[in-house]
1. Candidates [x] 15.3, 53; [y] 14.4, 47; [z] 46.2, 144; which is the computed Rg and Dmax of the Cα atoms in Å?
2. Per residue of the stretch 25-36, in order, report the coupling 6.51 cos²θ - 1.76 cosθ + 1.60 (Karplus, θ = phi - 60°) as ³J(HN,Hα) in whole Hz, putting x for Gly and Pro.
3. Kindly provide the helix-only [θ] at 222 nm of the chain, computed as the sum of -39,500 (n - 2.57) over DSSP H runs of four or more divided by all residues, to the nearest 500 deg cm²/dmol?
4. Tabulate in residue order the Karplus-calculated ³J(HN,Hα) for the stretch 54-63, using 6.51 cos²θ - 1.76 cosθ + 1.60 with θ = phi - 60°, rounded to whole Hz; enter x for Gly and Pro.
5. In nm, what is the difference between 0.36 nm times the number of residues separating ALA99 and ALA12 and their Cα-Cα distance?
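Throughout, read-outs are computed from the coordinates displayed, never taken from laboratory work. Small disclaimer: the values here were computed from a predicted structure and weren't measured.
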Amino acid sequence: MALSDQLADLAARAKEAEDRAAAAHGKAKADLQADVETARSSAEAQAKKLRESADAHKNKLSVWWNDLQRTWNEHVAKIREDIETKRAEHDTDRAQKHAEQTRLSQEAFPERRGRLVFTAREGNG
């Protein structure tokens, strides 16, 4: 086989390989575009389904949220009421103790009866 025949054969094989590579590249690109289109269609379908589901459950979610807010507000109101009750009880106990201390002081020091006596806790010690 002559050198020119070998070169021609090599050129033909190179051209054939180039054509196969171009076809494979074109096929890969087409396959990739098809995959992208399939993924896009699937994502759009899923988004539509999700929107429909959200719309269908919108009232249910709204009722649930309103119920949650109402029960939370009731819980907070109950806590505030309990705190106010405890404060009132504390103030009552404190006033009773102060009255008892005043009574005992007047019994112990009858000469101070009728005078206003400040304790150190009240600022005039």
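1. [z]
2. Result, ordered by residue: 5, x, 5, 4, 5, 5, 4, 5, 4, 5, 5, 5 Hz.
3. After summing the helix terms and dividing by the residues of the chain, the value is -32500 deg cm²/dmol.
4. Ordered by residue, 3J(HN,Hα) equals 5, 5, 5, 9, 4, 5, 4, 5, 5, 4 Hz.
5. Result: 19.5 nm gained on full extension.
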